[in-house]
Amino acid sequence: MERSSACKVRCMTNRVAKLFALIAGALLIATLTSCKSGQPVVTGSFPVPATIAISPAPSLSLELGTNQAFIATVQNAAKTTITEPVTYQSSNTAVVTVAANGLACAGSWDNLASPTICTPGQVGVAQVTATANGVSSPPTTVYVHQHVDTVTLQDLCSVAQPNTPCTLPRHPCQSLLENSLPQNTVYQARAFSRGLDITPSVGQFDWQAVTPGVVVLSNTASGLGNIVNDVSLNQVVATAKAPGVTQVYATIGTATSMPVNFTTCAVQSIALQVTASSSTSTTIVPTVTDTVGNIISLSTNVAAIPLTWSSSQAGSVSVSTSGVASGTTAGGGATVIASCTPPLCNTGFLPSLPIYPQSAIQIISNPTATSAAPAANVYVSSTGCGTIEGCVSTIIPVTTPATQGTTLSLAATPNSLLFNRQGTKAYLGTNSGLLGTKGLTVLDPSANTVTQLVSTPGKVLAVSPDGTKVVVSDTDDTPNQVFVFDSTTSINAAFNITGATAADFSPDSLKGYIIAGSTLYVYSKVDALQTITLRSPANDVAFFAEGAFAYLAGGDPAGIMVRRTCDNGEADTVATVAPPNLIRALPNATQMLALVPPAVDLINADTAPSGCTPPVRDSLTSFDLGLGSFTPTQLIISNNGSRAYILSPQLSGILVYDIGSQTSSTFSLVGNAAPLQASLTPDGSLLAVGASDGMLHEIQTATGADVAQVQFPLGLCLNTAGRQFAGITCNPDLVVVKP
């Protein structure tokens, strides 16, 4: 017996030794093979992850028999995603099963390795987790329920009584003012299946606002009901964020409620006050009153109401988003306003609800140079080429007094020339019937280059104060069109408008009024084009410097029609002896100037705008210029509002009207040349005038002296060889000073 046992032990030992030898040999062969082939040796081990998370999380709502893919993200201590084998677990497989690939079934899979059919199981709750190398993710709570066919929203009275339906009438809106009543709204969502309320089984609702900038939605606010993990499953507090209206709705699974409207009280009025001023800057503080009468001072709550700050002459006076206005080295003046301009403010109201301040701030900026006026950059071109074969139009920059820059050739004969108020781009219009490539020409003064936009023919009527929109009227082609060119995207908006001759933009650049005979067209950045039939033809249009009104030179047999900017409705009429030829706003934001030869009319506006339909009372003082009847072509207002300069082919010089003293005088050009077109420097010290003698004249406005005459040796019209085009008169009748 002892020998037999010892024998058995020796045999077993030999067998184990042989087995280990075989395994070692196999491993050696595998190692040598791997080394020989250059392949890495696979050891089969993975690092322990630092974290693992799954998505969706932290909860999920599933209808019986549906499925949802879970995705696991495994990271190391450096928060770098790593690849690891992941397994998924369900805490309640009668409710949810999860296949090996992370696909969860609200019921049971036919095959966990290769899932195809999900068989509905029980209504209930399960926790799904993912595990990698012993580390598990935070669980996702999965609510499995019957099919939801209806989701309803209920407005509760308060957080203090979250389950009490609100039977008392609410205010029409919620105010931004703290401690105002009502301060917030509580919404409760409920889910139904064939008329049965199954809300407790569906889990956490998802809440959204169509315009998130108007309202803040919170399902973690204190006092809410049905709290799980510090989150309410079906209630949310809605708090005012910015003036406007938006729709709020709740979603569970694939079912969404009917939306309800939430309104943050709209801006009703804006008061501006200068709180600090220095030689270089002015600080303006707005105070806003909302539609329920709450006063919100933005000095302590600047971000609450996103006002739009605008300067009428950005090249002379810039203004920041916090209301600090600063003068530039060029000097000059501007009107500064803060407006509630959609879509940033009073968002979502249809039609739009822009609100303008009760008054504006006029700022005069003196040039930094004290010994002499700053040099001006003047751009000069001509319409003289017309349709003449082989005639090349040019544009020439002139730095005062007489330094000429590089001459630029244009692809076609221009018919208009306007700068944006920032001085960064100039626009030359072109009729498509003229020689060359039709379209709008864009001049970049910093690069001294021009670009042709072939799809935008016509005359440039207006550029928006913010420089983003350019109105171009094509009256040469059939049908006539008006293009609103977007300078930021280079995209046109085209409208079938016949015979448009004048246009102007509101100070905040929201709206553009376009005059076409007896029709007013209202372009808006947020509303559809509106067509308004006037009682008589209009010649011109200009917005009040404060922004709440637009004054039409005509539009009514009385003479001047006044319309509200907010709703485009009629606000007043002003009687004049005849419809004005031209009309302009004065930067003091209290007056308008209308030219009705032989007189000039000063219109005083009595208004303190509030709401969308503010009243205005206008009175008129007329001054006879003493020159009889004439047809004006230009009415230029100085940036400080002290003077008006008038050009007409019937006048031998430039007519000067002193607005304060209501006196007139005339500036004459050297050689008695006839002025064709003029432009004023930002500080008002120099008037650049293109004249019939082919020269650019520079008139010192303080003395009326024609201090310099700039000649163009090659002229403004060249032949294809770059030499002066002989046989035609090509005078500088397009002149503009860079702001």
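Can you give me the Cα centroid spacing of the stretch 269-295 and the stretch 56-78 in angstrom?
51
Please list, in chain and number order, the residues 5+ apart from GLY517 or on another chain whose amide H is under 5 Å from its amide H, with Hs placed from the backbone.
THR501, ALA538
Given R₀ = 51 Å, what would the calculated FRET efficiency be for VAL48 paired with GLN711, taking r from the Cβ atoms and rounding to 0.05?
The value I calculate is 0.05.
Near THR590, within a Cβ-to-Cβ distance under 10 Å, what is the net charge of the other residues, with Lys and Arg +1 and Asp and Glu -1?
-2
Ignoring everything except DSSP H segments at least 4 long, calculate the 222 nm mean residue ellipticity for the chain; use -39,500 (n - 2.57) per segment, divide by total residues, nearest 500.
Taken over the chain, the calculation gives -2000 deg cm²/dmol.
Using the Karplus equation 6.51 cos²θ - 1.76 cosθ + 1.60 (θ = phi - 60°), what ³J(HN,Hα) coupling, rounded to whole Hz, does each residue of the stretch 326-336 give in order, writing x for Gly and Pro?
My calculation for the stretch 326-336 gives 10, x, 9, 5, 6, x, x, x, 6, 9, 10 Hz in order.
Could you compute the FRET efficiency for MET258 and ARG535, with r as their C-beta to C-beta distance and R0 at 51 Å, rounded to 0.05?
Efficiency computed from Cβ-Cβ geometry: 0.70.
Using label points projected 7 Å from each Cα along Cα→Cβ, tell me how many nm separate ILE82 and GLN634, to one decimal.
7.5
Subtract the Cα-Cα distance of SER114 and GLN273 from 0.36 nm times their separation in residues, and report this length gain in nm to one decimal.
Length difference between fully extended and current span is 50.1 nm.
Could you tell me which of rounded, prolate or oblate describes the stretch 598-678, using a ≥ b ≥ c as the square roots of the eigenvalues of the alpha-carbon gyration tensor, with rounded for a/c under 1.5 and, failing that, prolate when a/b is larger than b/c and oblate otherwise?
prolate
Name the residues of the stretch 445-466 whose amide N is less than 20 Å from a point 7 angstrom out from the Cα of SER490 along the C-beta direction?
Only 445-458, 460, 464 fall inside the zone, counting backbone N under 20 Å.
Work out the FRET efficiency for THR329 and ASP527 from their Cβ-Cβ distance, taking R0 = 35 Å, and round it to the nearest 0.05.
0.35
Where both residues lie in the stretch 221-365, what percent of DSSP beta bridges are antiparallel, nearest 5?
95
GLN208 to THR220: extension gain in nm, 0.36 nm per residue of separation minus the Cα-Cα distance?
2.9 nm
Calculate the spin-label point distance for THR613 paired with GLN154, positioning each point 7 Å from the Cα along the beta-carbon direction, and give it in nanometres.
The two pseudo-label positions are separated by 3.9 nm.
If packing is taken as the mean number of other Cβ atoms within 10 Å per residue, what is the order of 479-486, 74-81, highest first?
The packing order, highest mean first, is 479-486, 74-81.
Measure up LYS525/LYS738; LYS469/LYS511; LYS438/LYS511; LYS241/LYS511; LYS511/LYS738; LYS438/LYS525 against 22 Å on the Cα-Cα distance and list the ones that go over.
Flagged as over cut-off: LYS525/LYS738; LYS438/LYS511; LYS241/LYS511; LYS511/LYS738; LYS438/LYS525.
How much area per residue is accessible in the chain when the probe is 1.4 Å and only protein heavy atoms are counted (Å²)?
44
Using a 7 Å offset from Cα along Cα-Cβ at THR451, what residues in the stretch 469-513 end up with backbone N under 19 Å from the label point?
Backbone N within reach: 469-472, 483-494.
When only the heavy atoms of the protein chains count and the probe is 1.4 Å, how do SER310, SER320, SER136 rank by accessible area, highest first?
SER136, SER320, SER310
Please give the peptides 345-356, 276-287 ranked by average Cβ packing (other Cβ atoms within 10 Å per residue), highest first, as a rough proxy for protection.
345-356, 276-287
Describe numerically, in nm with one decimal, the distance between label points set 7 Å from Cα along Cα→Cβ at ALA375 and at THR498.
5.1
Rounding to the nearest 20 debye, state how big the charge dipole of the chain is about its Cα centre with +1 on each Lys and Arg Cβ and -1 on each Asp and Glu Cβ.
I would put it at about 2880 debye.
Carbon-plus-sulfur fraction of the accessible area of the chain, 1.4 Å probe, in percent?
That fraction is 54 percent.
How many angstrom lie between the Cα centre of the stretch 546-573 and the Cα centre of the stretch 464-490?
Centre-to-centre distance over Cα atoms comes out at 23 Å.
Just want the answer: with Cβ charges of +1 for Lys and Arg and -1 for Asp and Glu, which residue in SER312, THR701, GLN154 is farthest toward the dipole's positive end in the chain?
GLN154
The values are calculated or read from the model by the stated rules, or taken from the named source; none is laboratory data. Nothing here was measured: the structure is a model prediction, and the numbers come from that model. Cβ: placed from backbone, ideal geometry, glycine included. Neighbour counts: every protein chain shown. Areas reflect the complete protein model, heavy atoms only, side chains present, ligands, DNA and RNA absent. Shrake-Rupley method; radii C 1.70, N 1.55, O 1.52, S 1.80 Å.
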